[in-house]
Amino acid sequence: MKKLLFLLCIAFALNTNAQTADKKWNIGIHAGVSQYNGDLGNDFYSTNMHAYGVGGISISRYLGEHFALDFISHKGRIGIDRPAPSGSFRSSFTSLLMNLRFNFFNSNETVNPYLFVGGGGILFDKNIDLGKDNIAKKMDFAAPAFGGGFNIKMGSVVTFNIQETFINSNSDSRDGNSISKGNDMYLFHTAGLTFNLGKKKDADKDGVSDRNDKCPNTPAGIVVDSKGCPLDRDKDGVADYLDACPDVAGLAAFQGCPDKDGDGIADKDDRCPDVAGTMALHGCPDKDGDGIADMDDRCPDIAGSKELKGCPDTDKDGVADMDDKCPGTKAGYKVDVNGCPLDNDKDGVVNEEDRCPNAAGPQSLKGCPDTDGDGVPDIDDRCPKVKGTIANKGCPEIAKEDVVRITRIASKIFFENNSDKLKVASLVQLDELAAILNRYEAANLTVEGHTDNVGKDDFNMTLSQKRTESVKKYLATKGISEVRLTATGFGETRPIADNKTSLGRAKNRRVELKTSY
């Protein structure tokens, strides 16, 4: 019994899977009852007779997917107990059989029925003695032994076994009676546990032996099928662990992903998976070749710019032609959302052509207003609130009587001899001049000084200049802006009379006043 337990411990230690070509050896333990059929009666499958116990140990050798060679030894008692006059017999025995077993299914099946046939010997005695005389007296031959049963896998280590063993003895005298012509037969009903021995070779550690592994180089940790190949759920030839689309059949070139439109871009990366496109546009087409995918292109049939979502802009104003209500806008003009040039003051003159873009005016004056209606825009009108003439920059003509008075005043401006100092009488005349100029606020005054030819030219030029400046300074003190006043001395360069006579020289010594706008 101790030896049997030792063998079972070895079986558990060495076994890792069912009996296969890699694990060819199997051992088992069995127990059950025996029945007899002979001259004293037939107990086969009888349930109302005495039961005699039997135990066994087996060793099996794998021969092929469906065949195995079994060595099994039984030890126990066999007999029959019948009322007189039939009689009874009971004997201890030890048997050793060698059987060829045929399995109906392969080793992967959970339940595997089988048949077997073989032969061996039966030694009838409580104590085994293999002496020469004892063998002849106590041993019968099993010729043949046959039967069947089935194995039930109980995990990766243990198999539950149920077996029926029929033994046809070559003797008819072990029961003490040789009435019939047939030999004695015995039937063992046994159940037990068997354990596989050996260690299969599995280089890639995927649980499938190298012998059966169709994919022997599978990386560690990858789930495999019964053939040792990585799982491929979509059956596209790309293993799940390498397949970026494991549930959809695809191409190896795209890591197992499909490319329905055949544009060279996997559907999972293709923005337009049903229409062939380009890599640059993530699989979308571009009919007009403007670099914008048709699905994003507002004008897919006409080349345009990215800024305008694929639409053209003929006048380059930043508004797509399809939205442009003013398609002929001149280059550089600023436009509104409709593509029309801006017109801040809404006067019909666009800003770029409007001299007064923030004040409404007529087109004839380039968009500028003319408050006094004199035809001179306010922006240019020196007198914007008084109607004037274009020649006078929008200011009115100086009245004839004032022109006469200014001329008269000019003739009454006198200076000290050889000096630029104004005579007192001249101041009254200049006061009147200042009053006139104040009535014509936009009018400018030019003061021109002249001399006769007496004296040096340089002196006369300087003297005439100083005298005009004296007039300018005085008018400034009367509130006339110096901006309106221009003082120019001409010396003796512009005579109006003959300097040879005293009367002519007197006429040449003069001041001239000229108004303008």
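The values are calculated or read from the model by the stated rules, or taken from the named source; none is laboratory data. Worth saying up front: this structure is predicted, and the values here are computed from it rather than measured. For neighbour counting, all protein chains shown are included, and Cβ atoms are generated from backbone atoms with ideal geometry for every residue, glycine included.
Annotations
- Residue within the range 383-402 that is modelled with pLDDT of 90 or more and assigned to a loop (DSSP other than H, G, I, E, B) present: no
- Any chance VAL428 is touching a strand residue (DSSP E or B) at 6+ places or on another chain (Cβ under 9 Å) and among the hydrophobic types (A, V, I, L, M, F, W, C): no
- Taking the range 190-218 as the range and being in a strand (DSSP E or B) and β-branched (Val, Ile, Thr) as the test, the residues that pass are THR190, THR194.
- Residues considered: SER411, SER419, SER364, SER426. Of these, the only one that is surrounded by 17 or more Cβ atoms within 10 Å (Cβ to Cβ), over 60 Å from the mean Cα position of the chain (by Cα) and of a type in the set (Ser, Thr, Tyr) is SER426.
- Considering residues of the range 124-149 that are among the acidic types (Asp, Glu) and surrounded by 14 or more Cβ atoms within 10 Å (Cβ to Cβ) only, the residue modelled with the highest pLDDT: ASP140
- Applying a threshold of 6 Å to beta carbon distances and a minimum spacing of six or more residues, or different chains, the list of pairs starting in the range 489-502 at a residue that is assigned by TED's automatic domain parsing to the domain that holds LYS472 and ending at one that is among the charged types (D, E, K, R) reads ILE496/LYS507; ALA497/LYS507; ASN499/ASP452; ASN499/ARG505.
- Residue satisfying all of: in the range 437-450; at pLDDT below 95 and touching an Asp or Glu at 6+ places or on another chain (Cβ under 8 Å); surrounded by the most Cβ atoms within 10 Å (Cβ to Cβ) among these: TYR440
- Restricting the range 150-188 to residues that are under 60 Å from the mean Cα position of the chain (by Cα) and not in a strand (DSSP E or B), the residue that is surrounded by the most Cβ atoms within 10 Å (Cβ to Cβ) is VAL157.
- Members of the range 45-85 that are surrounded by fewer than 18 Cβ atoms within 10 Å (Cβ to Cβ), in contact with a Gly (Cβ under 7 Å, 6 or more places away or on another chain) and closer than 17 Å to ASN161 by Cβ: GLY55, SER73
Yes/no per residue for (1) in a loop (DSSP other than H, G, I, E, B); (2) within 27 Å of GLY304 (Cα to Cα); (3) out of contact with any helix residue (DSSP H, G or I) (no Cβ under 9 Å at 6 or more places or on another chain):
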site	(1), (2), (3)
MET322	yes, yes, yes
PRO327	yes, yes, yes
GLY332	yes, yes, no
VAL337	yes, yes, yes
ASP343	yes, no, no
ASP347	yes, no, no
PRO357	yes, no, no
ALA360	yes, no, yes
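- ARG90 modelled with pLDDT of 85 or more, surrounded by fewer than 16 Cβ atoms within 10 Å (Cβ to Cβ) and either over 25 Å from ASN26 (Cβ atoms) or not assigned by TED's automatic domain parsing to the domain that holds PHE188 (or both): yes
- Residue within the range 366-380 that is within 21 Å of SER481 (Cβ to Cβ), touching a Gly at 6+ places or on another chain (Cβ under 7 Å) and among the charged types (D, E, K, R) present: yes
- Odd one out for VAL404 among (1) surrounded by fewer than 14 Cβ atoms within 10 Å (Cβ to Cβ); (2) more than 18 Å from LEU437 (Cβ to Cβ): (2)
- Condition met for VAL454 (under 24 Å from VAL424 (Cα atoms), in contact (Cβ under 8 Å) with a residue 40 or more places away in the chain, among the hydrophobic types (A, V, I, L, M, F, W, C) and out of contact with any Leu (no Cβ under 6 Å at 6 or more places or on another chain)): no
- Test: ALA280 is modelled with pLDDT under 90, closer than 30 Å to PHE254 by Cβ and out of contact with any helix residue (DSSP H, G or I) (no Cβ under 8 Å at 6 or more places or on another chain): yes
- Picking from residues in the range 74-87 that are assigned to a loop (DSSP other than H, G, I, E, B) and touching a strand residue (DSSP E or B) at 6+ places or on another chain (Cβ under 7 Å), the one that is modelled with the highest pLDDT is ARG82.
- Scanning the range 196-208 for any residue that is touching a residue at least 40 places away in the same chain (Cβ under 8 Å), more than 30 Å from ILE80 (Cα to Cα) and either loosely packed, with under 14 Cβ neighbours inside 10 Å or in contact with a His (Cβ under 9 Å, 6 or more places away or on another chain) (or both) turns up at least one such residue.
- In the range 292-319, the residues that are in contact with a Ser or Thr (Cβ under 9 Å, 6 or more places away or on another chain) and surrounded by fewer than 16 Cβ atoms within 10 Å (Cβ to Cβ): LYS316
To keep it simple, each residue is scored yes or no on (1) of a type in the set (Lys, Arg); (2) modelled with pLDDT under 80; (3) touching a Phe, Trp or Tyr at 6+ places or on another chain (Cβ under 7 Å).
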| site | (1), (2), (3) |
| --- | --- |
| MET154 | no, no, yes |
| GLY182 | no, yes, no |
| LYS200 | yes, yes, no |
| ALA203 | no, yes, no |
| ASN212 | no, yes, no |
| CYS229 | no, no, no |
| CYS245 | no, no, no |
| LEU251 | no, no, no |
| LYS260 | yes, no, no |
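- Hits in the range 421-443 - residues which are under 15 Å from THR407 (Cα atoms) and in contact with a Phe, Trp or Tyr (Cβ under 7 Å, 6 or more places away or on another chain): SER426, LEU430
- When restricted to residues that are closer than 12 Å to GLY207 by Cα, without any contact (Cβ under 8 Å) to a residue 24 or more places away in the chain and among the small types (Gly, Ala, Ser), the range 217-253 contains 2.
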